[in-house]
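Report on the structure given below.
The values are calculated or read from the model by the stated rules, or taken from the named source; none is laboratory data. Source: prediction; values computed, not measured. Glycine also receives a Cβ, built like all others from the backbone with ideal geometry; neighbour counts cover every protein chain displayed. Side chains included, ligands, DNA and RNA excluded: accessible areas come from the protein's heavy atoms. Shrake-Rupley method; radii C 1.70, N 1.55, O 1.52, S 1.80 Å.
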Amino acid sequence: MAGSKDQDVIELLLEQHEQIRTLIAQVQSATGDRKRERFEDLVRLLAVHETAEEEIVHPTARREIPDGERVVESRLNEESQAKDELAELYDLGVGHPDFDTKFAALADAVAKHASHEESEEFPGLRREISAEDLRKMAGAVRAAEATAPTRPHPSAGESAVVNLLAGPPVAVFDRVRDAVRDWSRSDKSS
Ligand SMILES: [Fe+2]
Ligand SMILES: [Fe+2]
């Protein structure tokens, strides 16, 4: 089942890559309020996903995998660019005439970013990091998800928890980052 305690961080991240691809397709096929809701879901999911990677996964990869410095720098640049584009899209709004074209560019960049991680970063982590440590690192993803639920919800917009995190991407990313840092501190002190 999704989110099982036994999943390690790479399994969780791969599952989220699939969810990201699905949500992107949903934004592209929806209209009106539904499109806005799916776009906000995507902002939350990317906040959870990229923040857990930036705080926990990339720093480990930088230290441990072959050519880690170069691989991680490229991934961080891609993530930073995607964040800027998300903020721009949010400000435009889903109803703006330029939204679909700009969103298509973001979708393409995010898909390439995910496949770079899958080919250049995750295999190295699997080789270099113990199964137990990879399972521990999954805690970062769960801490982030606790702040910003990313599972598809049946009646979008009706959950108070979900609504709390509907807002500008910069604010959503900041909230999730705080949660992952809290997790990281409590993990190290225990
Ligand atoms: Fe990423
Ligand atoms: Fe990723």
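Which whole-number value in Å² is the accessible area per residue of the stretch 17-71, probe 1.4 Å?
Values: 2240 Å² over 55 residues.
On a per-residue basis, the stretch 17-71 sits at 41 Å².
Where only DSSP H runs of four or more residues are counted, the chain gives -24500 deg cm²/dmol as its mean residue ellipticity at 222 nm, each run worth -39500 (n - 2.57). Segment GLU18..ARG181, full-extension length gain: 56.2 nm, with 0.36 nm per residue of separation and the alpha-carbon distance subtracted. Projected label points at ASP91 and ALA105, each 7 Å from Cα along the beta carbon direction, are separated by 1.4 nanometres. With all protein chains in place and ligands, DNA and RNA left out, the 1.4 Å accessible area ranks GLU88, GLU53 as GLU88, GLU53, largest first. Long hydrophobic helices in the chain: the complete DSSP H runs spanning 24 Å or more by Cα along their own axis with mean Kyte-Doolittle hydropathy of at least -0.5 are 9-29, 99-116, 131-147. When the charge dipole of the chain is built from unit charges on Cβ atoms (+1 for Lys and Arg, -1 for Asp and Glu) and taken about the Cα centre, the candidate among ALA140, PRO59, PRO169 whose Cα reaches farthest toward its positive end is ALA140. Solvent-accessible area of the chain (1.4 angstrom probe, protein heavy atoms only): carbon and sulfur portion equals 51 percent. Of all aspartates and glutamates in the structure, those lying under 15 Å Cα to Cα from LYS102, and not within fewer than 8 positions of it along the same chain, are ASP84, GLU85, GLU88, ASP91.
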